[in-house]
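K.L.:
Below is a structure I'd like to ask you about.
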Amino acid sequence: MYSECRNVHGSGRLRIFRRYMLLILALLLVAWSPVLASDAGPSLESGIVNRAEVEAFFDEAVPAGLVKYNIPGATISFVQDGELIFSRGYGYSDIANRTPVDPETTLFHIGSITKLFTWTCVMQLVEEGKIDLDADINTYLTDFSIPETYPGNPVTMRHLMTHSAGFEEQAIHMVVADVEDLYPFRTYCEENVPARVYPPGTVTSYSNYGATLAAVIVEDVTGVPFEQYLNEHILSPLSMTRTSISYTLPPEMVGSLSSGYHYMGMTNEAVPDFVCVVGPAGSISSTANDMAAFLAAHMENGSWHGAEILSEETAALMHAPAFSNDPRVSSMCLGFYETRLNYERIIEHGGDTDTFHSLLAIIPERATGFFVSYNSIGGGQARDDLLMEFVDRFYSTSASTTLAKDSGTPAGKYTGTYQMTRHNYQTFEFYLTRPGQISIEQGEKTLLYTPSGSPPSEYGEVAPGVFAQSGGQLTSYGNLVFREDEQGTVDFLCFENLPIFAFERVPWYATDPFTDGVKNTGLAILLTVLVWPVMAIFRRVYGVTGDERDTALSVYARLVAGAASLLFVVFVLVLLPAVMGDTALIESYLLGRTVPLALSAVMTVPVIAVLLSAVAAAFAIPVWRRRSWSVWHRVHYSIVVIGLIMLAWWVNYWNLFIFRL
């Protein structure tokens, strides 16, 4: 749901590659597995803390999550009114050595919660007048610039902080195989500027690049390395002595980092975590107690125990709503994002690496919050469960959902295919990590919401353009909200409590059934060219001339069309599957800073095929004019040209060219 900081080590390359791809898919599909809410428990009033009750809740809920999701260990800290009320470690940080988790000393990778530290650094510079939230970020960048794709609509720091800059998703080169292979995140940002696919301020699409770019700006504005700035302006003032953004931990922390685990074959196996180049977007390691200090400072609007990291005014600005995909859904703040559960406004941020899954959540009106981190892949679901259970336990509500009267809006206005805005658009990565699509269809009296590969769920209309899951079940992601453009056409599907991205409505020609149909139909047509050499051999062997004259034109026309057809068939049925199945090759492409020669060679094939297809299409005109063939053969040649055009369209749609690697 949050970040993808990924690491691939040389050993176990197949296993690691599968982890890489599964994590990408899991992150892209996370919004489609909502957590159910329920009503329960007494209310915990702001300022009145029953420590024993809070302790009892976490002592029951966290171990239950460890068991349910097969997680070895977790660490948690709970803060009320700016004070650490409770912290505890559960389970093990190292199963082999039976090392228990200690909330004071055991470090966990916090993933994208790192971004909150980066955004806090930015807000300090905003407070000092060194950064203008609404100025073109190219004003601050010294080594490179962001292209002016939309003239008059520059990307600003506000856009970066609300993930509304309009960048496409780009995971390539974000990680390296080992710590020794790390290179400056500034270099990464300069070499991997993503395409701008939406005008800034149009819609959110969570971006690791945007957060890393903000750290580059911090360096350019201050002249200080980001790690040094972070240490001097946040970690040291808050006495976060067991927190580091570097993968090379100081001597006193070495040995304190929890192992990360995958549950495989009925057992938890320790696996190395990802090493990400985009450190300011996701590489901090910390303890629960240290994170409590950071959480408390934000809860107290910038000050904690005499240390001020933000003024009260600046902190309030950072925590306030700053951008929303629709007025009816939760907002992005400046770094934090909103969730509303049981009518409680929560500002939060999650963090995901391959093996660690974390959450920092604050309920400002209650002056309550907690940090939790798990050390296995099941932690992503466990942390969502924990937040829901906490809110239900202490801030319960008996509110129910009532279906609205018929709004008169045809259900067809909402039906269609949608896909997440957070995906790649313009490179080979689009095909490599194909965005999953969801289908909205009309039921009897409801809409049927069907994520790719999952059974449908029924949603009934509760307000114009707003649909709740039938049966009154509440989910952590909230209702479906359909956003309309100025002409009243639905262009985006949003989840009420997922402000970090939306789902764009997909045109008919970009739906999976259509694109797959074009490919399969095109291949079937092109395979019919096999009859041409058979016919030629037959005529030569038996001396049959029929109604054809083997002119130079006919020979060259079939030769070109046949060659293009052969290249397309071999590429789609042989070469492309071989590339996708070659874990070492894909790993090299994703991690290396140069494109593998073998991949470049394969992606040259469709370029040649498209050029030959254009020549074959040009031959169709004289073929019909000169009538060297019978009508049937001319029709067949034209159909083959259509098949070539279909495959040319398909490879172009999926960016399967060498110049899009």
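The values are calculated or read from the model by the stated rules, or taken from the named source; none is laboratory data. Model, not experiment: these values are computed from the prediction. Methodologically, a virtual Cβ is constructed for each residue, glycine included, from the backbone with ideal geometry; neighbour enumeration extends over all protein chains shown. All accessible areas refer to the heavy atoms of the entire protein, side chains included, with ligands and DNA or RNA removed. Shrake-Rupley method; radii C 1.70, N 1.55, O 1.52, S 1.80 Å.
K.L.:
Which pairs turn up if I take residues in the range 56-78 that are outside any helix (DSSP H, G or I) and look for partners that are open to solvent by 20 Å² or more (accessible area, probe 1.4 Å) and among the β-branched types (Val, Ile, Thr) with beta carbon separation below 7 Å, at least 6 apart in sequence or on another chain?
P.N.:
Pro72/Ile95; Phe78/Ile85
K.L.:
Okay, next question. Kindly list the number of the only condition in (1) surrounded by fewer than 19 Cβ atoms within 10 Å (Cβ to Cβ); (2) at pLDDT 95 or above; (3) outside any strand (DSSP E or B) that fails for Leu84.
P.N.:
(3)
K.L.:
Mind listing whichever residues of the range 478-507 are free of Cβ contacts under 8 Å to residues at least 60 places away in the same chain and hydrophobic (A, V, I, L, M, F, W, C)?
P.N.:
Leu480
K.L.:
Taking the range 198-218 as the region of interest, how many residues are in a helix (DSSP H, G or I) and of a type in the set (Gly, Ala, Ser)?
P.N.:
4
K.L.:
Still on this structure: Answer yes or no: is there a residue in the range 271-281 that is open to solvent by 20 Å² or more (accessible area, probe 1.4 Å), farther than 27 Å from Met174 by Cα and either in contact with a strand residue (DSSP E or B) (Cβ under 8 Å, 6 or more places away or on another chain) or not aliphatic (A, V, I, L, M) (or both).
P.N.:
Looking through the range 271-281, none of the residues is open to solvent by 20 Å² or more (accessible area, probe 1.4 Å), farther than 27 Å from Met174 by Cα and either in contact with a strand residue (DSSP E or B) (Cβ under 8 Å, 6 or more places away or on another chain) or not aliphatic (A, V, I, L, M) (or both).
K.L.:
Here's a follow-up. Would you confirm, using the coordinates I've provided, whether Ile48 is at pLDDT below 95 and in a loop (DSSP other than H, G, I, E, B)?
P.N.:
Yes, satisfied.
K.L.:
Within the range 219-232, track down each residue that is assigned to a loop (DSSP other than H, G, I, E, B) and either in contact with a helix residue (DSSP H, G or I) (Cβ under 7 Å, 6 or more places away or on another chain) or open to solvent by less than 40 Å² (accessible area, probe 1.4 Å) (or both).
P.N.:
The answer is Val224, Pro225.
K.L.:
So which of Glu104, Glu148 ends up being in contact (Cβ under 8 Å) with a residue 40 or more places away in the chain, open to solvent by 10 Å² or more (accessible area, probe 1.4 Å) and in a loop (DSSP other than H, G, I, E, B)?
P.N.:
Exactly one of Glu104, Glu148 is in contact (Cβ under 8 Å) with a residue 40 or more places away in the chain, open to solvent by 10 Å² or more (accessible area, probe 1.4 Å) and in a loop (DSSP other than H, G, I, E, B), namely Glu104.
This table checks each residue for (1) out of contact with any strand residue (DSSP E or B) (no Cβ under 7 Å at 6 or more places or on another chain); (2) open to solvent by 10 Å² or more (accessible area, probe 1.4 Å).
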position	(1), (2)
Ala316	yes, yes
Phe323	no, yes
Ser330	no, no
Phe336	no, no
Asn342	yes, yes
Ile347	no, no
Ser358	no, no
Ile362	no, no
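K.L.:
Return the pair list, or none, for Cβ contacts closer than 7 Å from residues in the range 313-335 that are under 18 Å from Asp134 (Cβ atoms) to residues that are among the acidic types (Asp, Glu), at least 6 apart or on different chains.
P.N.:
Here the result reads Thr314/Glu127; Pro321/Glu338; Ser331/Glu338, each pair linking the range 313-335 to a residue that is among the acidic types (Asp, Glu).
K.L.:
Which of the residues spanning the range 237-270 are surrounded by fewer than 17 Cβ atoms within 10 Å (Cβ to Cβ), more than 20 Å from Asp354 (Cβ to Cβ) and among the hydroxyl-bearing types (Ser, Thr, Tyr)?
P.N.:
Matches in the range 237-270: Ser239, Thr241.
K.L.:
I need the helices (runs of 4 or more DSSP H) fully contained in the range 547-652, keeping only those with at least 1 residues that are among the β-branched types (Val, Ile, Thr), open to solvent by 30 Å² or more (accessible area, probe 1.4 Å) and at negative phi.
P.N.:
Because the criterion is at least 1 residues that are among the β-branched types (Val, Ile, Thr), open to solvent by 30 Å² or more (accessible area, probe 1.4 Å) and at negative phi, the helices (runs of 4 or more DSSP H) in the range 547-652 that meet it are 552-570, 597-626.
K.L.:
A follow-up question, please. Please determine, by comparing only the residues of the range 291-314 that are polar (S, T, N, Q) and open to solvent by 20 Å² or more (accessible area, probe 1.4 Å), which one is farthest from Ala502 (Cα to Cα).
P.N.:
Ser303
K.L.:
Taking the range 163-197, which residues are at pLDDT 95 or above, touching a helix residue (DSSP H, G or I) at 6+ places or on another chain (Cβ under 9 Å) and in a helix (DSSP H, G or I)?
P.N.:
Passing the criteria: Phe185, Arg186, Tyr188, Cys189, Glu190.
Here is a yes/no grid of residues against (1) hydroxyl-bearing (Ser, Thr, Tyr); (2) assigned to a helix (DSSP H, G or I); (3) in contact with a His (Cβ under 8 Å, 6 or more places away or on another chain):
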residue	(1), (2), (3)
Ile234	no, yes, no
Arg242	no, no, no
Pro251	no, no, no
Val254	no, no, no
Tyr263	yes, no, no
Ala292	no, yes, no
His298	no, yes, yes
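K.L.:
When you go through (1) over 22 Å from Asp384 (Cβ atoms); (2) exposed (fewer than 14 other Cβ atoms within 10 Å of the Cβ) one by one for Tyr92, which number turns out not to apply?
P.N.:
(2)
K.L.:
Using the structure shown, decide if Ser600 is touching a Lys or Arg at 6+ places or on another chain (Cβ under 6 Å) and in contact (Cβ under 8 Å) with a residue 12 or more places away in the chain.
P.N.:
Judged against the criteria, Ser600 is not a match.
K.L.:
Please enumerate the residues belonging to the range 254-284 that are free of Cβ contacts under 8 Å to residues at least 12 places away in the same chain and either over 29 Å from Arg186 (Cβ atoms) or in contact with a Phe, Trp or Tyr (Cβ under 7 Å, 6 or more places away or on another chain) (or both).
P.N.:
Gly255, Met264, Gly265, Met266, Thr267, Glu269
K.L.:
Please specify each residue of the range 315-342 satisfying the condition of being under 18 Å from Arg483 (Cβ atoms) and either among the aromatic types (Phe, Trp, Tyr) or not in a loop (DSSP other than H, G, I, E, B) (or both).
P.N.:
Those that are under 18 Å from Arg483 (Cβ atoms) and either among the aromatic types (Phe, Trp, Tyr) or not in a loop (DSSP other than H, G, I, E, B) (or both): Phe323, Met332, Tyr337, Glu338, Arg340.
K.L.:
I've got another one for you. Where in the range 406-494 are the strands (runs of 3 or more DSSP E), entirely inside, with at least 1 residues that are within 23 Å of the chain's Cα centre (by Cα), surrounded by 19 or more Cβ atoms within 10 Å (Cβ to Cβ) and of a type in the set (A, V, I, L, M)?
P.N.:
Passing ranges, in order: 416-420, 437-442, 480-484.
K.L.:
Still on this structure: Go over the candidates Val155, Val203 one by one and state the one that is touching a strand residue (DSSP E or B) at 6+ places or on another chain (Cβ under 9 Å), touching a residue at least 60 places away in the same chain (Cβ under 8 Å) and either hydroxyl-bearing (Ser, Thr, Tyr) or open to solvent by less than 10 Å² (accessible area, probe 1.4 Å) (or both).
P.N.:
Selected residue: Val203, the only one of Val155, Val203 that is touching a strand residue (DSSP E or B) at 6+ places or on another chain (Cβ under 9 Å), touching a residue at least 60 places away in the same chain (Cβ under 8 Å) and either hydroxyl-bearing (Ser, Thr, Tyr) or open to solvent by less than 10 Å² (accessible area, probe 1.4 Å) (or both).
K.L.:
Tally up the residues in the range 495-531 that are hydroxyl-bearing (Ser, Thr, Tyr), closer than 27 Å to Ser205 by Cβ and either assigned to a helix (DSSP H, G or I) or open to solvent by 60 Å² or more (accessible area, probe 1.4 Å) (or both), please.
P.N.:
2
K.L.:
Select, from Thr241, Thr248, the only residue that is of a type in the set (S, T, N, Q) and more than 29 Å from the chain's Cα centre (by Cα).
P.N.:
The conditions single out Thr241.
K.L.:
Next up: Touching a Leu at 6+ places or on another chain (Cβ under 9 Å) and surrounded by 14 or more Cβ atoms within 10 Å (Cβ to Cβ): does that describe Val126?
P.N.:
yes
K.L.:
So Asn192 fits all but one of (1) touching a residue at least 12 places away in the same chain (Cβ under 8 Å); (2) farther than 28 Å from Val595 by Cβ; (3) surrounded by fewer than 18 Cβ atoms within 10 Å (Cβ to Cβ); what number is the exception?
P.N.:
(2)
K.L.:
Right, Phe371: modelled with pLDDT of 95 or more and closer than 22 Å to Phe274 by Cβ or not?
P.N.:
yes
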